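The block underneath contains the structure these notes are about, expressed in structure tokens.
Every number here is computed from the coordinates shown, using simple stated rules; none is lab data. Keep in mind the model is a prediction, meaning the values are calculated, not measured. Here the Cβ positions follow ideal geometry from the backbone for every residue, glycine too, while neighbour counts run over all protein chains shown.
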Amino acid sequence: MEEIKIFAPATVANLSCGFDVLGCCLESIGDEMLLRKNTTGEIRITKISGQELPMEADKNVAGVAVRALLKELNSQQGFDIEIYKKIKAGSGIGSSAASSAGAVFAVNKLLNEPFSPEELIPFAMEGERLASGNAHADNVAPALLGGFNLIRSYEPLEVIHLPTPQDLRMVILHPLIEVKTMDSRSIIRQSISLQKAVKQWGNLGAFVSALYSNDYDLLGRSLKDEIVEPVRSILIPFFDELKIIARESGALGFGISGSGPSVFAMCKGEASAKQTGAAIQKYYQEKEIDFDLHLSKIGNEGVKIIS
Ligand code: ADP
């Protein structure tokens, strides 16, 4: 195989109760990428459409992630990378993770799969280190493995793939303002009270349990965050109002996607997702704030081969 075209999915990290350790994959939102072997021995970003992003391989997360993989193999193989961006950079739905995960997935296929999907995660994390200064896995793991993922430990890396209740739907509202991951990280406090920690690990444990037992009400009760959300939500226009509207429309829970500014509503069933999407959309239209709105199932596959 000389070339491969793939779909690289968007992802929602943190999911309120799991800052830096929980994330899920979206089915119908994502980029496309084409990777082709070349004979120059170089990693070249030969095309980017849809977004203004660095063409230099060492400044683009796709190039950095591929270099990390090839270094591990001691391989001199060159690749040309084309990126067709649909996910806006800095949106908070894993734009950088989609490129990192997509690139290592594709290169692994073109090299006859020397690595398992789990083994690709650390290479994709190198892309995240470039994008945000922090090699977090809560976007790249769900992008590579699909579904919900829990990062039990970073050292050593241990990722747990969790089940997906079939009726879950995600509504994503992306206010068209830019929030850099680095900025939204810098405002987070570095220490938390024991009282808040107790609530948070209670909710995270319950959330994981609810995924296994298909308990949608428990999922909703667990989607809470008293640690990061109160600080970060000030960067998102009308966050508190949107949350009330989403809950009144029947959403199970509502929170910040990754480092924002995108927000997500988790819903049970298509009808509930449509109703919630329409309600939050109407509110932003009235406030004259530009936005993108997406509805998606949870993507159980992660990165997919198109051709
Ligand atoms: P998101 O939370 O949506 O992933 P980030 O803020 O983490 O967004 O990452 C976007 C940053 O990564 C931007 O500074 C962007 O220039 C940089 N970047 C480098 N290469 C890519 C790429 N291929 N796709 C997306 N972002 C990239």
Quiz item: If amide H atoms are built 1.01 Å from N in the plane of the peptide, which residues on other chains or at least 5 residues away come under 5 Å of the amide H of Ala137?
Solution: none
Quiz prompt | Summed side-chain charge close to Ser132 - residues other than Ser132 whose Cβ falls under 9 Å, Lys, Arg +1, Asp, Glu -1 | solution = +2
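Report, in listed order, any pair from Lys196/Lys297; Lys47/Lys88; Lys88/Lys196; Lys88/Lys297; Lys47/Lys86 with a Cα-Cα distance greater than 23 Å.
Lys196/Lys297; Lys88/Lys196
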Quiz item: Once you have the alpha carbon radius of gyration of region 135-187, what is it after dividing by 2.2 N^0.38 Å, with N set to its residue count?
Solution: 1.43
Quiz prompt | Spatial separation of Cα centroids for region 148-177 and region 226-264, in angstrom | solution = 17 Å
Quiz item: How far is helix 61-73 tilted off the main Cα axis of the chain, in degrees rounded to 10, range 0 to 90?
Solution: 60 degrees
Quiz item: Taking Cα atoms, how many degrees apart are the long axis of helix 117-132 and the longest axis of the chain, rounded to 10 and kept between 0 and 90?
Solution: 80 degrees
Quiz item: So what are the ³J(HN,Hα) numbers for region 74-86, from phi and the Karplus equation (6.51, -1.76, 1.60; θ = phi - 60°), rounded to whole Hz, Gly and Pro as x?
Solution: 6, 9, 9, 4, x, 9, 9, 10, 10, 10, 10, 7, 10
Self-check item: Neighbour-count ranking [beta-carbon atoms within 10 angstrom, fewest first] of Ile4, Ile188
Solution: Ile188, Ile4
Quiz prompt | Built amide H within the under 5 Å cut-off of Ser28, gap 5+ | solution = Lys297
Practice problem: Give the angle, between 0 and 90 degrees and rounded to the nearest 10, that separates the Cα long axis of helix 95-110 from the longest principal axis of the Cα atoms of the chain. | Solution: 40 degrees
Practice problem: Excluding residues on the same chain fewer than 8 positions from Lys5, give the aspartates and glutamates whose Cα lies under 18 Å from its Cα. | Solution: Glu27, Asp31, Glu32, Asp80, Glu82, Glu113, Glu301
Quiz prompt | Sequence of Ser91, Ser262 once ranked by neighbouring C-beta atoms within 10 Å, starting from the fewest | solution = Ser91, Ser262
Quiz item: Under the Karplus relation 6.51 cos²θ - 1.76 cosθ + 1.60, θ = phi - 60°, what is the ordered set of whole-Hz ³J(HN,Hα) values for region 270-282, x standing for Gly and Pro?
Solution: 5, 5, 5, 5, 5, 5, 5, x, 5, 5, 6, 4, 4
